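Colleague: Starting off with a structure, shown below.
The values are calculated or read from the model by the stated rules, or taken from the named source; none is laboratory data. Owing to the predicted nature of the structure, the values given are computational and were not obtained by experimental measurement. Glycine also receives a Cβ, built like all others from the backbone with ideal geometry; neighbour counts cover every protein chain displayed.
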Amino acid sequence: MKELEELKHLIRLKEVERKGEVGTRQESTAEHTWACMILADHFIKVVKQPLDELKVMKLIMYHDLVEVECGDVFLLDSLDKQKRDNKKDDEKNGSQVLAKKIPDSISRDFLEFFEEYEACETPEAKFANAMDKIEPMIHWSIYSGEKLKAMGWTEDNVRQIHGKCVEPFPELTDFFEGWLAYMKEEGYIG
C-alpha cells in the first residue's frame, strides 16, 4: 500500500540517532523535535514579538525531517567534519529525495517550511531556529552536562553557535545568559 509506505518513511525519524543521550540510549531526532515544540509553546508566550504559532510549529516539525535521508550531524564531533562541511548541500539534496517518498499531502508543506527554515529570514524561522539551539542546551544540562567540556564546548563556541540565534529575541537572550551562567557554575563548559 503506497500511502502506508510513505507514512512509514516519515515515522522513521524516530530511528535517527543524535549525539545526546537519554539515560543509557541515544536520543532520537523525533525526541529533539518534540522537545523543540514544547519549548516553542512556552517561549512563544514569553517573547513580545508577535509570531504565527502554527507556522512556528510547522517549521520545527519539518526542519529536521530531512534527517530521515541524511542523518544527524553533530557540530563539534571531529568525526563529522566532512559531514558538517557538506551539511547544507546534503540536506538540500536530501529534502528533494524525501519529498518524493512522502505523501503529496505533506510534501509541499515539507519543502516550503524546510526552505523557509534554512533561509532563516522570517521572524518565525528565526524563532524556530532559536528553539532548535535552546533545546540541546537544556538537553545537555539534564542528561550529560559533564561531557560537554570533554567534547570541546567552551563559553566562546557556545556563544558563537547558540548565542547568535537568540539575539533577535531579548527574552531568549536573558534565558540564554542564565543557562550559560549555570553551565559555567556547574563546570560543564570551559
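Colleague: Is it fair to say Asp174 is farther than 27 Å from Pro50 by Cα, of a type in the set (D, E, K, R), part of a helix (DSSP H, G or I) and out of contact with any strand residue (DSSP E or B) (no Cβ under 9 Å at 6 or more places or on another chain)?
Modeller: no
Each row is one residue, and each column tells you yes or no for (1) in a helix (DSSP H, G or I); (2) under 15 Å from the mean Cα position of the chain (by Cα); (3) surrounded by 15 or more Cβ atoms within 10 Å (Cβ to Cβ).
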{"position": "Glu5", "(1), (2), (3)": "yes, no, no"}
{"position": "Ile11", "(1), (2), (3)": "yes, no, no"}
{"position": "Lys19", "(1), (2), (3)": "no, yes, yes"}
{"position": "Gln26", "(1), (2), (3)": "no, no, no"}
{"position": "Ala30", "(1), (2), (3)": "yes, yes, yes"}
{"position": "Thr33", "(1), (2), (3)": "yes, yes, yes"}
{"position": "Leu39", "(1), (2), (3)": "yes, yes, yes"}
{"position": "Val46", "(1), (2), (3)": "no, no, no"}
{"position": "Gln49", "(1), (2), (3)": "no, no, no"}
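Colleague: Among (1) part of a loop (DSSP other than H, G, I, E, B); (2) at pLDDT below 95, which single condition is Glu121 missing?
Modeller: That leaves (2) as the condition not met.
Colleague: Turning to a different aspect of this structure: I need the full set of residues from region 150-175 which are among the acidic types (Asp, Glu) and farther than 12 Å from Tyr188 by Cβ, in order please.
Modeller: Narrowing region 150-175 to residues among the acidic types (Asp, Glu): 155-156, 167, 171, 174.
Answer for region 150-175, where residues must be among the acidic types (Asp, Glu) and farther than 12 Å from Tyr188 by Cβ: Asp156, Glu167, Glu171, Asp174.
Colleague: Looking at region 82-97, is at least one residue at pLDDT 95 or above, buried (at least 19 other Cβ atoms within 10 Å of the Cβ) and in a helix (DSSP H, G or I)?
Modeller: Scanning region 82-97 turns up no residue that is at pLDDT 95 or above, buried (at least 19 other Cβ atoms within 10 Å of the Cβ) and in a helix (DSSP H, G or I).
Colleague: Any residue at all in region 129-145 that's in a helix (DSSP H, G or I), of a type in the set (Asp, Glu) and surrounded by fewer than 15 Cβ atoms within 10 Å (Cβ to Cβ)?
Modeller: No - not one qualifying residue is present in region 129-145.
Colleague: Sort out which residues of region 141-181 are at pLDDT 85 or above, among the aromatic types (Phe, Trp, Tyr) and touching a Gly at 6+ places or on another chain (Cβ under 9 Å), and write them in order of number.
Modeller: Phe176
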